[in-house]
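The values are calculated or read from the model by the stated rules, or taken from the named source; none is laboratory data. Owing to the predicted nature of the structure, the values given are computational and were not obtained by experimental measurement. Every residue, glycine among them, receives a Cβ derived from its backbone with ideal geometry; neighbour counts consider all protein chains shown. The area values use the complete protein model at the heavy-atom level, side chains included, leaving out ligands, DNA and RNA. Shrake-Rupley method; radii C 1.70, N 1.55, O 1.52, S 1.80 Å.
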Amino acid sequence: MIYVLSCQTTENGGGIYAYDLAENGELEKRAYFPCDRPMYAVKCEKSLCVLLRQPFENSQNSGYFFVDENLQNATEIKDTQGVVACHLCVEKDDVYIVNYLSENIAKNGEVIAQRIGKSLHPTRQTEPHTHFVGQTPDGYLAVCDLGTDTLSVYDKNLTLISKSKVPFGYGIRHLVFSKDGKYIYAVNELVPSVSVFAYANGKAELVNTVKINCKNEKANGAAIRLSDDGKYLYVSLREENAICVFEVDGEKLTFLQKVDCGGDSPRDFDICGKYLIVCNENSGNVVVYRTANRLITNKVAEISIKSALCVVK
């Protein structure tokens, strides 16, 4: 099943949509769960863990909850202990969340790691902005802080282990690990680019940063994914409204392709077998592309979803 989040209020169709991905690439709707402004979700065992932007009447804080994979039964909403939660990961019984505007990382809405610092951008980097949290292959947590250009590694109790930086003003956003766990590929938002880190024993060392050639001066990096075989890297660009493809060989990236995303503002996408599914936030559409030899070929399907923000497979 494929899940797509619509970051709207329930009155405007906001919530979680579940689809079967047909052999021909069509998305066949199977279920819908209404919820206000879901921001991001991850699949864990037989459920989804979902972030909500602002679900509480008397608080600006974000919330999170679990819903079963058939979108029938949900848990109560818990406080993320921060404002504008935008990314999360789940490790067994623990939920780790980054709160973008509150500049922190939260474990189970209880343990908090507060960040400090700033960088070069006059409006986007006057303070920390945590944007990604994910598990490392060796049992730690990797956190991207767009506001300070920092990739930090924490243990599972949110004790800082190490930190490294992308070039000043680049704004690290999201990352993926190579299949062997020896490299990290991170997309930078403020200067569209991919930074490559060597990784071992809880420490990341910047090796190289590859800028992406863009026609639109407002272009900014969004999502990053690695192919199942680990040989191809995909990056989405908002404003430029494109998906880029790189061949990957350890620390070496070779640019192969840039294609139109089929809409406006490709905030998220994922690779599902021989298809690539793109969520275009501003144009409110989800586009399915066929891939061949890991390159993006033709569009095969499209559906309309307001504020399509996240796709989960």
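Numbers at a glance
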item: Global geometry of region 41-147, whether rounded, prolate or oblate, following the gyration tensor of its Cα atoms and the 1.5 cut on a/c; result: oblate
item: With eigenvalues of the C-alpha gyration tensor scaled by 5 and rooted, region 172-224, Å; result: 23, 10, 8
item: Restricting region 25-75 to chymotrypsin sites (Phe, Trp or Tyr not before Pro) in coil, as DSSP defines it, with at most 16 other Cβ within 10 Å; result: F56
item: Reach of K107 by Cα under 23 Å, taken over lysines that are not fewer than 8 positions away in the same chain; result: K43, K46, K78, K92, K156, K163, K203
item: Ordering of 2-13, 296-307 by burial proxy (mean other Cβ atoms within 10 Å per residue, highest first); result: 2-13, 296-307
item: Estimated translational D of region 272-313 in µm²/s (Stokes, Kirkwood radius over Cα pairs; 25 °C; 0.890 mPa s); result: 233
item: Alpha carbon centroid spacing (whole Å) that separates region 209-227 from region 247-284; result: 10
item: Cα-based convex hull volume of region 4-74 per residue, rounded to whole Å³; result: 92
item: Percent of Cα pairs exceeding the 16 Å cut-off, where the set is region 120-168; result: 39
item: Cut-off 11 Å (backbone N to label point 7 Å along Cα→Cβ of K274), residues of region 1-27; result: 23-25
item: Estimated inter-spin distance, D155 and Q135, nm [label 7 Å along Cα→Cβ]; result: 1.8
item: Share of pairwise Cα separations in the chain, more than 32 Å, in percent; result: 21
item: Descending principal axes extents, region 155-255, alpha-carbon based, whole Å; result: 40, 30, 22
item: Ranked by how many other beta carbons lie within 10 Å on average, peptides 207-219, 91-103, 135-147, 157-169 from highest; result: 135-147, 91-103, 157-169, 207-219
item: Percent carbon-and-sulfur accessible area, region 177-228, ignoring ligands, DNA and RNA, probe 1.4 Å; result: 41
item: Estimated inter-spin distance, R290 and L256, nm [label 7 Å along Cα→Cβ]; result: 1.7
item: Theoretical FRET efficiency, 1/(1+(r/R0)^6), r = Cβ-Cβ of E91 and E26, R0 30 Å, to 0.05; result: 0.30
item: At R0 = 45 Å, FRET efficiency that the Cβ-Cβ distance of E11 and N298 yields, to 0.05; result: 0.80
